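A.B. asks: For reference, the structure I am asking about is given below.
Where a number appears in this text, it was derived from the coordinates with a stated rule and is not lab data. The structure displayed is predicted, hence computed values, not measured ones. Cβ: placed from backbone, ideal geometry, glycine included. Neighbour counts: every protein chain shown.
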Amino acid sequence: MRKTLKKLCLAASAAALAVGMASVASAATTKLRIQTHYAPETVSGKLAAQYIEDIQTMSNGEIEVEMFYSSSVVKSVETFDAASTGILDCDMTGGGYQTGKNPAFQFVGDIMGGYDTPYQQLSWLYFGGGIEAAKPLYNKYGMELIGWWVYGQESFASSKPITKVDDFKDWKFRSPPGMETKIFEKLGAKPIVMDFTEIFTALESGIIDGADASGLANNVGLGLYDIVKYANFPGFHSMPSDHLACNKDVFDAMPASHQRIMKVAMEALALRTALTFEKKNAEAAAQLKEQGVTLSQWAPEELAKFRAAAQATWPEFASTPEAKDLVEAHLSYLRQLGLAK
């Protein structure tokens, strides 16, 4: 009886050891190299850091991330290709940088003149068919769209007042690549495409009169209003969707639990970003007024002029099947929201 009991105990111990070893073996580690164009001291840079901390903690350390800020590995516009070719694993910039590859990226990066709030834009992605519409575009280039984080309408930084459409005449400003250059050329401005990291020096040296960089709080973090003393607030012209997009082969090889963690954490980042910037932009506006920066709020009739110019440019830019599909997906949803006819 004792021998039988001893054998049963040994068998149970062996089984427990085997289960434990199997459990250890099944705890896969995902190692990712991710780059963002944001500096770590900006509001968006800190939010990106929070996202990384979230996915590492929720995965119990199974997701390990080497994070690169301020486009320190490759230029912002090169991040997407660096991820798709394996230099990096994920791109945490935005689709707007890839419009030269396919104009369809404009309509996942910044539709311009479309949605009024980040909540409307995010609802298109998650509830208006956006993910389904964008997936083929990203997959075509070997990438997987994980999600968006939208901080709201951007504000200009300028060396002269920008209070109405006529003020754009001959205004030299930093512009991201893509549809924005076409819209502002129609309005009389002189957009100059340059990397996000070059804005401060270009303003300081007078190469440009102003910049379309980011939201008001991020612009403060970049130090732009230490150089120029005019801004518009609330913003209206641009509401970029920063994305997290990963190499599709890398993402497909991740355990399903890690994939889910990354996507759900992006939804948390999206809400946190929208809420954070409502507060941070208001605080930045108050701070800038105290520092002598002039903030201009555009009149409804001037906003209507911009929206008309922007929406007239959409079909001109939708020159590929993917772009046309995305424009129609947006227009369908904007009509539901009463923001387009």
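A.B. asks: Taking neighbour Cβ counts within 10 Å as the exposure measure, how do Ser175, Ser123 sort from fewest upward?
C.D. replies: Details: Ser175 22, Ser123 16.
Ranking Ser175, Ser123 by Cβ neighbours within 10 Å, fewest first, gives Ser123, Ser175.
A.B. asks: Quote the charge dipole size of the range 239-285 about the Cα centre in Debye, to the nearest 20; the model charges only the Cβ of Lys and Arg (+1) and of Asp and Glu (-1). Spell out each step's value before the answer.
C.D. replies: Values: 6 positive and 6 negative charges, 22 e Å.
It works out to roughly 100 debye.
A.B. asks: Could you please report the charge total around Lys229, scoring K, R as +1 and D, E as -1 over all other residues with beta-carbon less than 13 angstrom from its beta-carbon?
C.D. replies: -1
A.B. asks: Please compute the modelled spin-label separation between Lys190 and Tyr119, points set 7 Å along Cα→Cβ, answer in nm with one decimal.
C.D. replies: Roughly 4.2 nm, to one decimal.
A.B. asks: Another one. Quickly work out the Lys289-to-Val73 label distance, labels modelled 7 Å from Cα along the C-beta direction, and quote it in nm with one decimal.
C.D. replies: 4.3 nm
A.B. asks: OK, next. Report, to two decimal places, the Cα Rg of the chain normalised by 2.2 N^0.38 Å (N = number of residues). Each step should come with its number before you reach the end.
C.D. replies: Details: Rg = 23.4 Å, N = 341, 2.2 N^0.38 = 20.2 Å.
Its radius of gyration relative to the 2.2 N^0.38 Å reference: 1.16.
A.B. asks: Next question. For Ala304 and Asp249, compute 0.36 nm times the residue count separating them, minus their Cα-Cα distance, and round to one decimal in nm.
C.D. replies: 15.4 nm
A.B. asks: Under 8 Å for C-alpha pairs, at least 6 residues apart: give me the relative contact order for the chain, rounded to a whole percent.
C.D. replies: 24 percent
A.B. asks: Here's a follow-up. What residues qualify as long-range amide H neighbours of Glu64, i.e. H under 5 Å apart, gap of 5 or more or another chain, H built at 1.01 Å from N?
C.D. replies: Thr30, Lys31, Leu32
A.B. asks: What Kirkwood hydrodynamic radius do you get for the range 198-341 when you take the inverse of the mean 1/r over all pairs of distinct Cα atoms, in Å?
C.D. replies: 18.7 Å
A.B. asks: Follow-up. Compute the length gained on full extension between Glu66 and Thr163: take 0.36 nm times their separation in residues and subtract their Cα-Cα distance, giving the result in nm to one decimal. Before the final figure, lay out the partial values.
C.D. replies: Numbers: separation 97, 0.36 × 97 = 34.92 nm, distance 4.25 nm.
Full extension of this stretch gives 30.7 nm more.
A.B. asks: With 10 angstrom as the radius, rank His237, His37, His258 by how many other C-beta atoms surround their C-beta, starting from the fewest. Walk me through the numbers on the way to the answer.
C.D. replies: Working: His237 24, His37 27, His258 20.
Listed from fewest to most nearby Cβ atoms, that is His258, His237, His37.
A.B. asks: 222 nm [θ] for the chain, helices only, -39500 (n - 2.57) per DSSP H run of 4+, per residue, to 500?
C.D. replies: On the way: 13 runs with 171 residues, N = 341.
It lands at -16000 deg cm²/dmol.
A.B. asks: Moving to a separate point now. With θ set to phi - 60° and the Karplus curve 6.51 cos²θ - 1.76 cosθ + 1.60, what are the ³J(HN,Hα) couplings of the range 153-169 in order, to the nearest whole Hz, using x for Gly and Pro?
C.D. replies: Along the range 153-169, the couplings run 5, 7, 10, 7, 10, 8, 8, 9, x, 10, 10, 7, 4, 4, 6, 6, 4 Hz.
A.B. asks: Moving to a separate point now. Mind checking the angle between helix 300-317 and the chain's longest principal axis? C-alpha axes, 0 to 90 degrees, to the nearest 10.
C.D. replies: 60 degrees
A.B. asks: Apply the Karplus parameterisation 6.51 cos²θ - 1.76 cosθ + 1.60, with θ equal to phi minus 60°, to every residue of the range 244-253 and state each ³J(HN,Hα) to the nearest whole Hz, in sequence, with x for glycine and proline.
C.D. replies: 3J(HN,Hα) across the range 244-253, in whole Hz: 10, 10, 10, 3, 5, 4, 5, 5, 5, 7.
A.B. asks: Under the 0.36 nm per residue contour assumption, what length would be gained going from the current alpha-carbon distance of Thr85 and Gln336 to full extension?
C.D. replies: The Thr85-Gln336 span can extend by a further 86.5 nm.
A.B. asks: For the range 226-282, state the average projected area of the convex hull of the C-alpha atoms over all orientations, rounded to one decimal in nm².
C.D. replies: If I average the Cα hull's projected area over directions, I get 6.1 nm².
A.B. asks: Tell me, what are the semi-axes, in whole angstrom and largest first, of the equivalent ellipsoid of the range 127-234 as set by the roots of 5 times the Cα gyration tensor eigenvalues?
C.D. replies: The three semi-axes for the range 127-234 are 29, 16, 14 Å.
A.B. asks: In which sequence would Ser155, Ser205 go, from the one with the fewest C-beta neighbours within 10 Å to the one with the most?
C.D. replies: Going from least to most buried by this count: Ser205, Ser155.
A.B. asks: Would you mind working out the magnitude of the charge dipole of the chain relative to its Cα centre, with +1 at each Lys and Arg C-beta and -1 at each Asp and Glu C-beta, to the nearest 20 Debye? Intermediate results must be reported in sequence, preceding the final value.
C.D. replies: Values: 32 positive and 39 negative charges, 234 e Å.
For the chain, the charge dipole is close to 1120 debye.
A.B. asks: Go through Lys46/Lys263; Lys135/Lys182; Lys186/Lys280; Lys101/Lys248; Lys169/Lys280; Lys160/Lys305 and tell me which ones have a Cα-Cα distance over 23 Å in this structure.
C.D. replies: Lys135/Lys182; Lys186/Lys280; Lys169/Lys280
A.B. asks: Another question, if that's okay. Across the range 231-236, in residue order, what do the Karplus-derived ³J(HN,Hα) couplings come to in whole Hz, using 6.51 cos²θ - 1.76 cosθ + 1.60 with θ = phi - 60° and x for Gly and Pro?
C.D. replies: Each residue of the range 231-236 in turn: 8, 10, 7, x, x, 8 Hz.
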